[in-house]
Amino acid sequence: MSALSDNLVTFAILTYLIAMISHAVEYALGNARTRVAVASPARELVGAGVGGAGGVADEPPAPVPPPVDGSARRARLAGLVAVGVTALAAVLHLAALVTRGLAADRMPWGNMYEFVLTVTFIGVAAWLVVLWKRPSLRKLGLFLTLVMVLLVATAELVLYVPIVPLVPALNSYWFVIHVSTIVFASGIFLLGAVPAVGFLMRNGYEQGKRSFPYTLAKRLPGAVSLERLTFALHAFAFPVFTFAVIAGAIWAEAAWGRPWGWDPKETWAFISWVVYAGYLHARATPSVKRNVATWIAVLGFLTMLMNLFGVNIFFTGLHSYGGLN
């Protein structure tokens, strides 16, 4: 079962890569201009009693519907294929997590490898829900699938560890309560970082900036819709993240006899909480520009990455469950 999980992760990475390529094809073909047929003015015979003197008069051209552009049609097809392949990758991703959990006889959240796999699955599952509600955001899928390829491949190539039993401190019902909520919130924050970066690029492009990386946002949805999606995702994830931090403190009291000890992971979780709270406060303050508030959201995600990778790799503490040597 463990080998099956490993193979499913590999297939999921390759499928995400195919989805990313399909989105890139849609993105590239989206630059094609639709050809519009120009109708020549029609001429009509006018009787003597109508126009005064007999003769011909010009009639306004009748509207002619533009023909369907081949590139536009192929771009849309590539986009639909990309969405279908992304959904297939998500199914493979989920199957890898389920088989990993069955092989370990526990929830698959015991180390960095399993944690990253779960967070990325939550992110892509949430993306498919967003896409179902807002199909107009489909072109953002190029950046989402790029993130999936990078993170899942990093988990498979760098963070992978064989299945081992949980350390004694994690054998508690709080393991499911605390880790499930922190994983869920982290997955939504991961997804929220994608439209946040997209908004910063698209907003610059709409303001006339034509240097890299603003040109990458040429065919993204409008800046306003990206910013609203960013806020909605963060506003949804923040209360869940807050509950996860509180649940972790309760668990720490039961396991170690104190609710908070400024362990490196606890410290960085608090930093992330403060930054995300700052983003929501800035977003609700009319005097703060939207791009400034969005930069705070991006900073919040960087602190989450630091908590996940940096703390587990460079620090030691009671939360050092990365599994890496």
Q: Rounded to the nearest 0.05, what FRET efficiency do residue 102 and residue 277 give with R0 = 30 Å and r taken as the Cβ-Cβ distance? Could you check?
A: 0.20
Q | Per residue, the convex hull volume that the Cα atoms of the stretch 121-166 enclose (Å³) | A | 67
(Q) If you consider only alpha-carbon coordinates, what radius of gyration and Dmax does the stretch 193-236 have, in Å? (A) 10.2, 33
(Q) Using a 7 Å offset from the Cα along the Cα-to-Cβ direction at both residue 218 and residue 1, what is the distance between the two label points in nm, to one decimal? (A) 5.1
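Taking 30 Å as R0, compute the FRET efficiency from the Cβ-Cβ separation of residue 77 and residue 228 and round it to 0.05.
Numbers: r = 28 Å, r/R0 = 0.94.
Computed FRET efficiency for residue 77 and residue 228 comes out at 0.60.
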Q.
In whole Å, what are the extents of the stretch 114-220 along the principal axes defined by its C-alpha atoms, from largest to smallest?
A. 57, 30, 19
**Q.** Label-to-label distance, nm, for residues given as residue 295 and residue 246 (7 Å Cα→Cβ offset)
**A.** 3.3
**Q.** Whole-number Å³ per residue for the convex hull built on Cα positions in the stretch 67-150
**A.** 86
Q. Order of 123-130, 260-267 by packing, highest average Cβ count within 10 Å first?
A. 123-130, 260-267
Q) If the stretch 176-315 were replaced by its equivalent ellipsoid, with semi-axes equal to the square roots of 5 times the Cα gyration tensor eigenvalues, what would those be, largest first, whole Å? A) 32, 15, 12
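Rule-based calculations on the coordinates, nothing more; no lab input. This structure is a prediction, so every number in the text was calculated from the model and none was measured. Cβ sites come from the backbone with ideal geometry, for glycine too, and all protein chains shown count toward neighbours.
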